[in-house]
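Colleague: One structure coming up, written as structure tokens, with questions to follow.
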Amino acid sequence: NGPLLTVENLTKHYPLGGGFSKRNTPVIRAVQDVSFSLEAGETLCIVGESGCGKSTIARLLMRLIDPSEGRVLLEGIDIASLKKHELRNQRRRMQMVFQDPYSSLNPRLSAGQIITEPVENFQRLSRTQREALAAKLLQQVGLAPEIMHRLPSELSGGQRQRLGIARALSLMPAIIIADEAVSALDVSVQAQILNLLMDLQQELGIAFVFISHDLGVVEHIGHKVAVMYLGRIVELARCEDLFANPVHPYTETLIAAAPVPDPTHRGLEARLEGEVPSPVNPPTGCAFHPRCPLAVDRCRQDVPTLHTMADGRVVACHVRAPTIRENSDIVSEAL
Ligand code: SF4
Ligand code: MG
């Protein structure tokens with residue numbers, strides 16, 4: 001039995017300006033050749049600046065959109081091959097928690113109805129069954145049973161996000177995809193929600209794909225981290241390795257630019273110069289080269305491929321993760 005989730009060379013291009021895919025229409029390269037795997041009970045974080053393709057990956061995993069290329073295997077089965085009724089079952093195995101718990105919860109339903117609704121899409125519940133299920137789910141996310149009678153508007157931001165999590169839990173998924181799930185919350189509430197997610201993982205063995213732009217959050221919750229830049233993974237490593245020793249220059253600048261930088265970490269200067277380039281017209285070669293302090297000539301020409309390092313992480317960088325041949329090129333350039 002292989003990994004719970006395997007993503008192979010996932011790619012998504014959109015024609016610019018809507019659905020008419022005429023020839024020569026510029027395309028947005030939202031996700032480019034992304035691969036990773038996820039085991040039961042594991043948390044993979046996907047980090048990067050806004051527009052780097054993180055949310056597109058979430059939508060591809062949930063099969064809300066179809067990939068241009070590549071595959072998503074859930075328990076070894078290609079989700080693109082699923083028929084409609086099988087897709088319903090796949091949705092049971094994979095659930096999503098969104099950034100804004102308010103807009104993702106139906107304002108006219110009570111909290112109890114909101115969290116039991118996914119189950120009721122599969123089976124009819126009596127009022128007693130519904131209330132018992134609601135009470136159990138509320139308890140799992142640390143909310144009092146009385147809350148089941150309230151409307152979302154009567155709850156705090158943290159309570160609403162707990163409700164979003166309870167709703168995702170209701171179908172007992174193997175994987176929860178959380179897209180910026182704590183970004184809208186106060187810092188103290190963020191910590192409570194992260195701890196709740198980690199407790200649920202311990203108890204229920206749930207795996208998370210945790211999408212965030214916040215490195216502090218990622219360091220807290222992640223087992224593995226994929227760093228994305230303009231639609232591509234540039235570094236994928238165990239969380240502790242990534243934070244102790246970032247290898248890709250983009251990872252390094254991200255960590256150094258984080259609000260509470262580690263003063264013992266010295267390396268590239270701590271600021272990211274310039275804007276993220278457009279995914280419609282990405283820079284040639286390594287897309288990071290216009291912002292990279294280490295760029296050499298070859299970075300402007302060749303797209304670096306992911307290279308496996310001694311500690312098992314993968315990195316796409318001509319300078320920091322060179323193949324042997326590339327290494328000799330760089331030495332000769334430096335001389
Ligand atoms: Fe910088 Fe070149 Fe590495 Fe890209 S490939 S991150 S431009 S050194
Ligand atoms: Mg997003």
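Colleague: Along the Cα→Cβ direction, 7 angstrom out, place labels at V303 and Q90. What is the inter-label distance in nm?
Modeller: About 2.4 nm, to one decimal.
Colleague: I'd like the Karplus ³J(HN,Hα) series for the range 247-256: coefficients 6.51, -1.76, 1.60, θ = phi - 60°, whole numbers in Hz, and an x wherever there's a Gly or Pro.
Modeller: Using θ = phi - 60°, the values come out as 9, 5, x, 5, 4, 4, 5, 4, 5, 5 Hz.
Colleague: Using Cα centres only, tell me the gap between the range 196-258 and the range 95-161 in whole Å.
Modeller: Distance between centres, Cα-based: 29 Å.
Colleague: Among M62, T11, F122, whose Cα projects farthest towards the positive end of the dipole of the chain, with charges put on the beta-carbon of Lys, Arg (+1) and Asp, Glu (-1)?
Modeller: Toward the positive end, the furthest listed residue is F122.
Colleague: What is the mean projected area of the alpha carbon convex hull for the range 1-115, to one decimal in square nanometres?
Modeller: About 9.7 nm², averaged over all directions.
Colleague: Please report the Cα spread of the range 5-244 along all three principal axes, rounded to whole Å, starting with the longest.
Modeller: 57, 44, 34
Colleague: Name the residue farthest towards the positive end of the dipole of the chain from the options T308, Q99, L44, assuming +1 on Cβ of Lys and Arg, -1 on Cβ of Asp and Glu, about the Cα centre.
Modeller: The one lying farthest along the dipole's positive direction is Q99.
Colleague: I would also like to ask the following. What percent do you get for the relative contact order of the chain when only Cα pairs under 8 Å and 6+ apart count?
Modeller: Working: 603 pairs, mean separation 62.3, N = 335.
Computed value for the chain: 19 percent relative contact order.
Colleague: Between S68 and E117, what is 0.36 nm times their sequence separation minus the Cα-Cα distance? Round to one decimal in nm.
Modeller: Value of the extension gain: 14.4 nm.
Colleague: Right, something else. What's the Kirkwood radius of the range 217-262 in Å, using all Cα pairs?
Modeller: 10.7 Å
Colleague: Hey, another quick one. For the chain, give me the percentage of DSSP beta bridges that are antiparallel, rounded to the nearest 5 percent.
Modeller: Restricted to the chain, the bridges split so that about 60 percent are antiparallel.
Colleague: Long-range amide H contacts for Y229: which residues qualify at under 5 Å (H placed 1.01 Å from N, peptide plane, sequence gap of 5 or more or a different chain)?
Modeller: Amide H to amide H, under 5 Å and 5 or more residues apart or across chains, Y229 pairs with V234.
Colleague: Quick one: putting +1 on the C-beta of Lys and Arg, -1 on the C-beta of Asp and Glu, what dipole do you get for the range 5-244 around its Cα centre, in Debye to the nearest 20?
Modeller: Computed charge dipole of the range 5-244: roughly 1140 debye.
Colleague: Could you give the nm distance between label points at E154 and A40, where each point is 7 Å from its Cα heading toward the beta carbon?
Modeller: 4.0 nm
Colleague: At a 10 angstrom cut-off on C-beta neighbours, averaged per residue, how do the peptides 119-127, 178-186, 198-206 rank from highest to lowest?
Modeller: Per-residue mean Cβ counts within 10 Å order the peptides as 178-186, 198-206, 119-127.
Colleague: In terms of the ratio Rg/(2.2 N^0.38 Å) built on C-alpha atoms, what value belongs to the range 93-147?
Modeller: 1.14
Colleague: Could you please rank E252, E235, placing first whichever residue has the fewest other Cβ atoms within 10 Å of its Cβ? Show your work: numbers first, answer last.
Modeller: Numbers: E252 22, E235 29.
In order of increasing Cβ crowding within 10 Å: E252, E235.
Colleague: With each pseudo-label sitting 7 Å past Cα toward Cβ, what's the T323-D311 distance in nm, one decimal?
Modeller: So the two model labels end up 2.5 nm from each other.
Colleague: Then there's this: Could you state the angle between the C-alpha long axis of helix 324-334 and the longest principal axis of the C-alpha atoms of the chain, as a value from 0 to 90 degrees rounded to the nearest 10?
Modeller: So the inclination is approximately 60 degrees.
Colleague: Here's something else I'd like to know. Students often check this: by mean Cβ neighbours within 10 Å, which of 312-319, 67-74, 82-89 ranks highest, and how do the rest follow?
Modeller: Numbers: 312-319: 21.4, 67-74: 18.0, 82-89: 10.4.
Top of the packing list down: 312-319, 67-74, 82-89.
Colleague: Starting at the first residue of the range 302-317, write each ³J(HN,Hα) from the Karplus equation 6.51 cos²θ - 1.76 cosθ + 1.60 with θ = phi - 60°, in whole Hz, x for Gly and Pro.
Modeller: Going residue by residue, I get 9, 6, x, 9, 5, 10, 7, 8, 4, 8, x, 6, 10, 9, 10, 7 Hz, with x marking Gly and Pro.
Taken together, the values in this text are just the output of simple stated rules run on the coordinates, not laboratory data. What you see is a predicted model; the values in this text were computed from it and never measured. Please note: Cβ atoms are built from the backbone with ideal geometry, for glycine as well, and neighbour counts cover all protein chains shown.
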